[in-house]
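To start, the structure under review is shown below, and the notes come after it.
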Amino acid sequence: MEDSGKNSKIRTTPVVWGLIYSFNLSLITLIFYIADLDLPDEALFLLLSILRYSSIFVCICSVYLLIAGIRRLIRQPNAAAFLNITLFLCAALYGSGVIIFNAFIVTIARGN
């Protein structure tokens, strides 16, 4: 008999894939922004906008998965569910921290 995925340890839903892709995009963009590659201001603001929207998506996905993980932990308490909640909480903190960083940079640049 085939496993339908209900008993698998890692649940890969579209939200999980969205979180993985947006987190990777956000992290790569942040690395390019901080690397100081002598990019023109237009390219830096393009990187900031990519960083902003990917971080917002990271935050939304991780908060959704955090709520779903808490529900799962209440129904079936185990260590894997607790580790998932911790991972999703860290992703939400990363996303919100990058959003605040982005807002700070845009405020310093006076929105230009």
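Only residues of region 26-69 count here: report those whose backbone N is under 14 Å from the spot 7 Å along Cα→Cβ of V106, or say none. Counting backbone N atoms under 14 Å from the label point, the list is 45-57.
Among V98, V15, V58, determine the one that fluctuates most according to a GNM of the chain built with springs between C-alpha atoms less than 10 Å apart. So, out of V98, V15, V58, the one fluctuating most is V15.
In nm, what is the difference between 0.36 nm times the number of residues separating L73 and L87 and their Cα-Cα distance? List each step's numbers first, then the result.
Details: separation 14, 0.36 × 14 = 5.04 nm, distance 1.37 nm.
The L73-L87 span can extend by a further 3.7 nm.
Using the Cα centre as the reference, give the magnitude of the dipole from point charges on the C-beta atoms of the chain (Lys, Arg: +1; Asp, Glu: -1; all else neutral), rounded to the nearest 20 debye.
Details: 8 positive and 6 negative charges, 148 e Å.
The calculation lands at about 720 debye.
Projecting the Cα atoms of L51, C61, N84 onto the charge dipole of the chain (Cβ charges, centred on the Cα centre) puts N84 farthest toward the positive pole.
Fully extended, how many nm does the chain gain between S49 and V16 (0.36 nm per residue separation, minus their Cα-Cα distance)?
Values: separation 33, 0.36 × 33 = 11.88 nm, distance 2.26 nm.
Between S49 and V16, full extension yields an extra 9.6 nm.
Which of S49, S22, S62 moves the most in a Gaussian network model of the chain with Cα springs under 10 Å? So, out of S49, S22, S62, the one fluctuating most is S49.
Of the residues A35, A80, A92, which exhibits the maximal mean-square fluctuation in a Gaussian network model of the chain defined by a 10 Å Cα contact cut-off? Top of the fluctuation ranking is A35. Between the labelled values [x] 15.1, 44; [y] 17.3, 61; [z] 13.4, 41, the entry that holds Rg and Dmax of the Cα atoms in Å as derived from this structure is [y].
A short reminder: the numbers here are calculations on the coordinates, not readings from a lab. Note that the structure is a prediction, hence the values are computed from the model and not measured. We place every Cβ from the backbone using ideal geometry, glycine too, and count neighbours over all the protein chains shown.
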